[in-house]
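A short write-up of the structure that comes next.
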Amino acid sequence: MSADFRRVIGDEEMRLFADLTGDTNPLHFDDDFAERSRFGGRIVHGMCTAALISTVIGTRLPGPGCIYLSQTLRFTAPVRPGDEIVARAVVDRLIPERRRVEFETTCSVGDQIVLAGRALAQSLPAGGRLSGGPVGLDGSHP
């Protein structure tokens with residue numbers, strides 16, 4: 001089982017992301033600076049790309065009401081302004097007794113994977129509450 005989300009990230013989205021996070025690294029905004037880098041031009045913020053995985057998990061699979069517990073990321077290639085990114089989550093393992101799902105996650109531009117990792121999410125039972133009280137950041141019940 002899998003789900004995906006597509007989004008073109010252009011200059012406007014990059015500006016909004018920088019406004020939100022404060023990340024104004026010239027690799028993202030200064031053509032002259034970025035052309036002299038190992039990337040040979042401007043690149044999209046890596047975490048902007050990674051955030052699209054959150055959209056897949058939070059809105060598609062498992063979807064609304066789930067709790068995103070963890071994510072690993074490995075950036076494998078740059079994303080350029082104007083690229084269409086496809087974020088995908090593929091179910092790798094179900095842990096029904098804990099209402100958890102492990103995913104393999106990727107972001108791709110065309111046929112090239114630009115980000116790979118794994119995620120863990122917990123789905124809420126009907127009514128939107130977990131038994132046992134609040135859930136800690138590590139998914140435990142403190």
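The values are calculated or read from the model by the stated rules, or taken from the named source; none is laboratory data. Treat the numbers as computed from the prediction; the structure is a model and nothing was measured. Note: ideal-geometry Cβ built from the backbone for every residue, glycine included; neighbour counts use all protein chains shown. All accessible areas refer to the heavy atoms of the entire protein, side chains included, with ligands and DNA or RNA removed. Shrake-Rupley method; radii C 1.70, N 1.55, O 1.52, S 1.80 Å.
I'd like the full set of residues that are closer than 14 Å to Arg7 by Cβ and surrounded by fewer than 15 Cβ atoms within 10 Å (Cβ to Cβ), limited to segment 81-95. Reasoning before the result, please.
Restricting attention to segment 81-95, the residues satisfying the condition of being closer than 14 Å to Arg7 by Cβ are 81-88.
Once the filter is applied, which keeps residues that are closer than 14 Å to Arg7 by Cβ and surrounded by fewer than 15 Cβ atoms within 10 Å (Cβ to Cβ), segment 81-95 yields Gly82, Glu84.
Could you look through segment 13-42, keep only residues that are basic (Lys, Arg) and touching a helix residue (DSSP H, G or I) at 6+ places or on another chain (Cβ under 9 Å), and pick out the one that is most open to solvent (accessible area, probe 1.4 Å)?
Looking at the filtered set, the residue picked out is Arg15.
Considering only residues that are part of a helix (DSSP H, G or I) and open to solvent by less than 50 Å² (accessible area, probe 1.4 Å), look in segment 55-65 and name the one that is nearest to Gly10 (Cα to Cα). Spell out how you get there, then give the answer.
Quick first cut of segment 55-65, residues part of a helix (DSSP H, G or I) only: 55-59.
Retained after the next criterion (residues that are open to solvent by less than 50 Å² (accessible area, probe 1.4 Å)): 55-58.
Working: Thr55: 18, Val56: 20, Ile57: 23, Gly58: 23 Å.
By that ranking, first place goes to Thr55.
Is it the case, given these coordinates, that His45 is over 15 Å from the mean Cα position of the chain (by Cα) and open to solvent by less than 50 Å² (accessible area, probe 1.4 Å)?
The answer is no for His45.
Please count how many residues of segment 20-39 are more than 24 Å from Ala87 (Cα to Cα), part of a loop (DSSP other than H, G, I, E, B) and not charged (D, E, K, R). Explain how you work it out, then say what you get.
Step one: filter segment 20-39 for residues more than 24 Å from Ala87 (Cα to Cα), giving 26, 30-38.
When the remaining residues are screened for being part of a loop (DSSP other than H, G, I, E, B), the result is 30, 36-38.
Among the residues that remain, those that are also not charged (D, E, K, R) are: 37.
Adding up the residues that qualify gives 1.
The rows are residues; the columns are (1) open to solvent by less than 20 Å² (accessible area, probe 1.4 Å); (2) within 19 Å of Ala3 (Cα to Cα); (3) modelled with pLDDT of 75 or more.
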| position | (1), (2), (3) |
| --- | --- |
| Glu97 | no, no, yes |
| Cys107 | yes, yes, yes |
| Leu115 | yes, yes, yes |
| Arg118 | no, yes, yes |
| Ala126 | no, no, no |
| Gly132 | no, no, no |
| Ser140 | no, no, no |
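Need pairs with beta-carbon distance below 6 Å; first residue closer than 25 Å to Arg38 by Cα and within segment 70-94, second among the polar types (S, T, N, Q) and assigned to a strand (DSSP E or B); sequence gap 6+ or separate chains.
These pairs meet every condition: Ala77/Gln112; Val86/Ser108.
Let me spell it out: the conditions are (1) part of a loop (DSSP other than H, G, I, E, B); (2) within 25 Å of Phe39 (Cα to Cα); (3) among the aliphatic types (A, V, I, L, M), and Leu124 meets all of them except one. Which number is the exception?
Of everything listed in (1) part of a loop (DSSP other than H, G, I, E, B); (2) within 25 Å of Phe39 (Cα to Cα); (3) among the aliphatic types (A, V, I, L, M), Leu124 misses just condition (2).
Going through segment 94-114 one residue at a time, which ones are in a strand (DSSP E or B), within 23 Å of Phe75 (Cα to Cα) and charged (D, E, K, R)?
Listed by number, the residues that qualify are Glu102, Glu104.
Residues in segment 5-36 that are in contact with a Pro (Cβ under 8 Å, 6 or more places away or on another chain), hydrophobic (A, V, I, L, M, F, W, C) and more than 24 Å from Ile57 (Cα to Cα): how many?
Residues in segment 5-36 being in contact with a Pro (Cβ under 8 Å, 6 or more places away or on another chain), hydrophobic (A, V, I, L, M, F, W, C) and more than 24 Å from Ile57 (Cα to Cα): 2 in total.
Are there any pairs, at least 6 apart or on different chains, whose C-beta atoms fall under 6 Å, with the first in segment 34-52 and without any contact (Cβ under 8 Å) to a residue 12 or more places away in the chain and the second in a loop (DSSP other than H, G, I, E, B), and if so, which?
Final answer for the pair search is Ala34/Gly41; Ala34/Arg42; Glu35/Gly41.
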